[in-house]
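The values are calculated or read from the model by the stated rules, or taken from the named source; none is laboratory data. Small disclaimer: the values here were computed from a predicted structure and weren't measured. Note that each Cβ is placed from the backbone with ideal geometry, even for glycine, and that neighbours are counted across all protein chains shown. Accessible surface is based on the protein model in full, side chains and every heavy atom, while ligands, DNA and RNA are left aside. Shrake-Rupley method; radii C 1.70, N 1.55, O 1.52, S 1.80 Å.
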Amino acid sequence: MWKTVVRRLLILIPQLLFISAAVFFMSQAMPGDALTGVFGEMDVDAQIIEELREEFGLNDPLLQQYGRWVWGIVTEFDFGRTLTQGRRPVTDLIGERMANSVRLAILTLIFQYALAIPLGVIAARRRGTVIDKAIVLYTFAAMAMPTIVLALLMLFTFGFNLSWFPIRGSVDVLLETGSFAYFISRIHHLILPSITAALLGTVFIINILRSEIIDAQNSDYVTTARSKGVPAGRIYSKHILRNSALPIVSMLGFAVAGLFTGSIFIETIFSYPGIGQLFVTSITTRDFPVSNALVLMTAFLIAMGALIGDVLLTVVDPRIRVR
Amino acid sequence: MDNLDNKVDATAIGDPMDKKMLKAEKRKIAFTTVLWKEIKADKLALVSLILLVGIVLTVFIWSMFLDAAEVTRMNLPMVNRPPSQEHVLGTDDGGRDVLNFMVMGARNSLNIAFFVTIIAASIGVLVGITAGFYGGRVDNVMMRIVDTVSMLPFLMIIILFIVIIPRYGIVHFILLMSLFGWFGISRQVRARALQQGRLDYVSAAKTLGTPNPVIIFREVLPNLVSILSVLMTLNLANNVGLEVGLTFLGFGMPHGTPSLGNLIALARVPVVMEHRWWQWIPASLLVLVIALCINFVGQAVNRAADARQRLV
């Protein structure tokens, strides 16, 4: 298996080179460069700007600039500096936002699994009943539901009309950092976006769990357990669920990747300062060092997530061979 | 094994035209009839279908009577009026009638979703069927490329493209969305084509000397119709949502162009969301109903295409 992992990691190198080249040259087509916005509305001599351009290497051939960018990333993990937001290093900015996205993603995952596993099991156990039909209907609806529409309606209902939850941001800035109230305020801000994301994210888990359990109900080991007199509840919790959870385990890889990539739609609607919102802001302000770094990072994380998922699957079920 | 293969080929050569026509005829009747039965058996799918047809007809016929310039013209004295007798759904931030804007927007959004689905499916079918039919090295190389490309964060890349293209309009938008929407279809089609390519009728056609492209499009493609109709219906629902999402973020249809996304995007301003419900809630609900209906019909199509899941 290690051979496979190494090979998959090696394949990742040309893949990332390709993406980095694509985003780099695409962003060169955007108006503005690393010096735009530095002087703001100040009246600076064109001569000085030209000298600075020369100094920063902005007049070098594109290929050379690209090489320097990649080299900086590989050797020093340096993605350059932002064009707006006070020319801070891109990595600082991303790191700051990532903490918010990770919090949101963890709570989303908790809600998602807490909702999906019972629903999947119930649907399978009561197959064909009204409860099962209702759960299946919910998965169909959640599959078709555009994220934007659900998020807006949730925000409108629970944020604006009922005022149960705050309508924007990640924390109440007036509170003292580190205090208990600060912590509670964070959670309070997180609940609505994470429930919205979780409601839509359960579909795949419920569907897989339900069909896996229904398949397992007729398998030999269940018949054996039944004939031994194992109570039905125990059969489900101890025997069936363990086997049926396999495909869900492989999804954990993507879930881990999703922790860091954030959600563009959810974060934008709930004005939640995470990675997704950072991407949208960086694009609208033409801050391409940030957007380039984010695309590259997301692509890398998705690829790693897929790899981790495959490896996890072989760990849980040694019969599966990753090729 | 050799012997068996020869025998199969021999019978297939026997009367290939007749047999093929019979098969095609039978399948054609079967799939549409089964589909109709399946929809009739599922009340939800039936209601969805009727509702969907109703919405589509209303939207397209109504917007034929609307003048695009009239609908999008700003009317500043009439800005942000609540619903009244004259404007049933009120007016938006440019004084435009929300109802008319929504009808025209729904037509545009449906058109976009429809064309994106068709173009993406065509690319997906072309790639998938080629990889699956030829198999071996062709398959390996093509699917490796598909795997690589489909790992890209495509939402981000679409947005990046949209920012770069200097003067983009509906056509650019459709092409961009299609360019990143065919991976799933190509995988499914490839799996089917791989299996079909090993069947007797293909070997028969090959033995007769039929050129491969002809076999692919005349013989194999019709056998993929059922799976394709499933994938395309489900994609259609997603594409409606994607247009709305991208436009909402400000990276979709240009501002002021009638589209459901542009109406919903008004809700980005808290004041609109809280106090001017008539501007964004009707469009949101319309998107919701359209997406749900397409999906419920799609589930019936799915069951019709997969004999194991049929209700009837």
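Here B:Gln195 passes the criteria (1) within 11 Å of chain A (Cβ to nearest Cβ); (2) in contact with a Gly (Cβ under 9 Å, 6 or more places away or on another chain) except the one numbered (1).
The set of residues in region B:268-292 that are open to solvent by less than 20 Å² (accessible area, probe 1.4 Å), more than 17 Å from B:Arg81 (Cβ to Cβ) and without any contact (Cβ under 8 Å) to a residue 40 or more places away in the chain comprises B:Met273, B:Ser284. Residues in region B:59-87 that are more than 28 Å from B:Met177 (Cβ to Cβ) and in contact with a strand residue (DSSP E or B) (Cβ under 8 Å, 6 or more places away or on another chain): B:Asn75, B:Met78, B:Val79, B:Asn80, B:Arg81, B:His87. One residue stands out among those in region B:242-267 that are part of a loop (DSSP other than H, G, I, E, B) and facing another protein chain (nearest Cβ under 9 Å): the one that is surrounded by the most Cβ atoms within 10 Å (Cβ to Cβ), which is B:Phe251.
Summed over region B:203-241, residues that are open to solvent by less than 40 Å² (accessible area, probe 1.4 Å) and without any contact (Cβ under 8 Å) to a residue 60 or more places away in the chain total 2.
Among the candidates A:Arg286, A:Arg242, A:Arg234, the residue that is in a helix (DSSP H, G or I) and at pLDDT below 80 is uniquely A:Arg242. Of the set (1) part of a helix (DSSP H, G or I); (2) within 14 Å of chain B (Cβ to nearest Cβ); (3) at pLDDT below 85, all apply to A:Phe265 but (3). When the residues of region A:274-297 are filtered to those that are open to solvent by 10 Å² or more (accessible area, probe 1.4 Å) and within 18 Å of the chain's Cα centre (by Cα), the one that is nearest to the other protein chains (Cβ to nearest Cβ) is A:Val280. Against the condition within 14 Å of chain B (Cβ to nearest Cβ) and at pLDDT 85 or above, how does A:Val121 come out, does it pass? For A:Val121, the condition - within 14 Å of chain B (Cβ to nearest Cβ) and at pLDDT 85 or above - is not met. Test of understanding: among B:Leu224, B:Leu263, B:Leu208, B:Leu286, which residue is in contact with a Phe, Trp or Tyr (Cβ under 9 Å, 6 or more places away or on another chain) and not charged (D, E, K, R)? Testing whether each residue is in contact with a Phe, Trp or Tyr (Cβ under 9 Å, 6 or more places away or on another chain) and not charged (D, E, K, R) leaves just B:Leu263.
The set of residues in region B:79-110 that are within 13 Å of the chain's Cα centre (by Cα) and open to solvent by less than 10 Å² (accessible area, probe 1.4 Å) contains only B:Ser109. Flag set for B:Asn295, criterion: within 8 Å of chain A (Cβ to nearest Cβ), open to solvent by less than 30 Å² (accessible area, probe 1.4 Å) and part of a helix (DSSP H, G or I). Do we have B:Ala113 as open to solvent by less than 60 Å² (accessible area, probe 1.4 Å), in a helix (DSSP H, G or I), at pLDDT 90 or above and under 19 Å from B:Val189 (Cα atoms) here? Considered against the rule, which asks whether it is open to solvent by less than 60 Å² (accessible area, probe 1.4 Å), in a helix (DSSP H, G or I), at pLDDT 90 or above and under 19 Å from B:Val189 (Cα atoms), B:Ala113 comes out as no. Regarding B:Ser203, is this residue of a type in the set (Ser, Thr, Tyr) and within 13 Å of chain A (Cβ to nearest Cβ)? Criteria not met by B:Ser203.
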